[in-house]
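Structure first, then comments.
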Amino acid sequence: MNQYGKVAVIMGGSSAEREVSLMSGAGVLAALQASGVDAHPFDPADKPLQALQAEGFDRAFLILHGRGGEDGTIQGALEFLGVPYTGCGVMASAIGMDKWRTKLLWEAAGLPVPDYRIVESAVQLKLAAQDLGLPLFVKPANEGSSVGVVKLKSLLDVDAAWAEVSRHKSVVLAERNIGGGEYTCAVLDAQALPTVKIVPKTEFYDYESKYIRDDTEYHCPAGLSDEKEQQARSLAEKAYRILGATGWARIDFLTDEEGKIYLLEANTAPGMTTHSLFPMCAREAGMSYETLVLKILATTL
């Protein structure tokens with residue numbers, strides 16, 4: 001594996017998703033080392049990025065999650081330092097981290113997204129709930145891993161929901177509930193992999209369901225008809241291209257009771273933990289975790 005040189009697995013960081021990143025990074029690091037790659041952990045919370053040059057790293061496997069890690073910030077810094085890295089570039093990362101602007105791009109291209117409103121106060125949230133109906137999802141536009149997401153089920157809970165979501169200091173989205181099913185589609189080097197259906201035992205696929213609980217059900221194959229599976233993969237590839245994504249990304253989507261697909265959001269630095277969805281999609285496509293990690297790293301060559 002000498003063609004990769006010395007590889008930094010950049011993980012941790014200082015976002016709200018630090019712990020998830022450390023879990024993902026540990027898996028990636030072990031897989032690379034098991035495959036004979038000269039890989040080492042690198043936490044930008046512990047040392048400056050300039051240390052990548054000082055310590056002789058040739059490329060980076062970027063597995064930071066959340067703000068500062070998948071929002072174009074570190075991508076720009078690595079571009080400046082001349083260090084090749086995995087995943088999306090500056091523009092796609094910045095847009096992909098912003099759920100609102102991602103929706104604007106997809107809408108402009110004619111792709112289906114759930115109806116939503118931007119809200120700036122509890123009063124506006126109440127109006128959005130009356131307009132879009134309950135239950136309603138309220139979320140910060142610039143967080144990942146379902147951090148700060150609230151499922152609003154009663155107008156009596158508007159003030160509490162607003163207090164929770166507004167503390168994240170982000171644009172706030174109020175989004176119509178699409179209740180047919182939750183799915184995701186991994187896209188590796190512009191090619192969609194098999195979709196996964198997610199069946200959480202909580203109210204929705206929240207942080208606890210993603211990283212803590214062991215009773216969340218994942219179905220891959222997702223159980224969609226052949227026609228719907230192909231439609232979902234095609235939409236995921238289009239969403240990926242419109243975003244300007246490169247390397248790898250995950251596109252989450254919902255279906256309504258009639259089976260219509262709605263694109264939800266993009267994840268430009270997908271999780272790689274034991275609970276994560278991207279490795280699940282890859283496994284259904286015949287790829288082991290180690291093979292997937294090497295294929296992602298190969299996109300930096």
How many residues are open to solvent by less than 30 Å² (accessible area, probe 1.4 Å) and either at pLDDT below 95 or among the polar types (S, T, N, Q) (or both) if we restrict to the range 232-258? 1
I'd like to verify a number: residues in the range 76-94 that are surrounded by 23 or more Cβ atoms within 10 Å (Cβ to Cβ) and farther than 14 Å from Phe42 by Cβ, how many? 4
Yes/no for Asp58 being among the acidic types (Asp, Glu), open to solvent by 10 Å² or more (accessible area, probe 1.4 Å) and closer than 20 Å to Ser288 by Cα: no
Residues that are under 16 Å from Asp98 (Cα atoms): which strands (runs of 3 or more DSSP E) entirely in the range 114-159 hold 2 or more of them? 116-119, 136-140
Test Leu49 against the criterion of being part of a helix (DSSP H, G or I) and open to solvent by less than 60 Å² (accessible area, probe 1.4 Å), and give yes or no. no
The lone condition Lys139 fails out of (1) open to solvent by less than 20 Å² (accessible area, probe 1.4 Å); (2) over 26 Å from Ile95 (Cα atoms); (3) charged (D, E, K, R) is (2)
Residue list for the range 188-212, filter: at pLDDT 75 or above and either among the polar types (S, T, N, Q) or open to solvent by 70 Å² or more (accessible area, probe 1.4 Å) (or both): Asp189, Gln191, Thr195, Lys201
Taking the condition closer than 27 Å to Leu111 by Cα and without any contact (Cβ under 8 Å) to a residue 24 or more places away in the chain, does Glu257 pass? no
Restricting to the range 23-35, and then to whatever is open to solvent by 50 Å² or more (accessible area, probe 1.4 Å) and in contact (Cβ under 8 Å) with a residue 12 or more places away in the chain, can you tell me which residue is farthest from the chain's Cα centre (by Cα)? Ala34
Conditions (1) open to solvent by less than 10 Å² (accessible area, probe 1.4 Å); (2) at pLDDT 95 or above; (3) within 20 Å of Leu188 (Cα to Cα) -> Ala8 fails only (3)
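Residues checked against (1) of a type outside the set (S, T, N, Q); (2) at pLDDT 95 or above; (3) under 21 Å from Gly247 (Cα atoms); (4) not in a helix (DSSP H, G or I):
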| residue | (1), (2), (3), (4) |
| --- | --- |
| Gln3 | no, no, yes, no |
| Ala16 | yes, no, no, yes |
| Glu19 | yes, no, no, no |
| Val28 | yes, yes, yes, no |
| Ala31 | yes, yes, yes, no |
| Ala60 | yes, yes, yes, yes |
| Gly76 | yes, yes, yes, no |
| Phe80 | yes, yes, yes, no |
| Ser93 | no, yes, yes, no |
If a residue has to be modelled with pLDDT of 90 or more, out of contact with any strand residue (DSSP E or B) (no Cβ under 7 Å at 6 or more places or on another chain) and either surrounded by 11 or more Cβ atoms within 10 Å (Cβ to Cβ) or not polar (S, T, N, Q) (or both) to count, how many in the range 213-229 make the cut? 3
Starting from residues that are under 17 Å from Tyr262 (Cβ atoms), without any contact (Cβ under 8 Å) to a residue 60 or more places away in the chain and surrounded by fewer than 15 Cβ atoms within 10 Å (Cβ to Cβ), keep the ones in the range 104-136 and report whichever is farthest from the chain's Cα centre (by Cα). Gly133
Given the options Gly87, Gly68, name the one that is assigned to a loop (DSSP other than H, G, I, E, B) and either more than 12 Å from the chain's Cα centre (by Cα) or among the acidic types (Asp, Glu) (or both). Gly68
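The values are calculated or read from the model by the stated rules, or taken from the named source; none is laboratory data. Quantities reported herein were computed from a predicted structural model and do not represent experimental measurements. Neighbour counts are summed over all protein chains in view; Cβ atoms, including those assigned to glycine, are modelled from backbone coordinates with ideal geometry. Accessible surface is based on the protein model in full, side chains and every heavy atom, while ligands, DNA and RNA are left aside. Shrake-Rupley method; radii C 1.70, N 1.55, O 1.52, S 1.80 Å.
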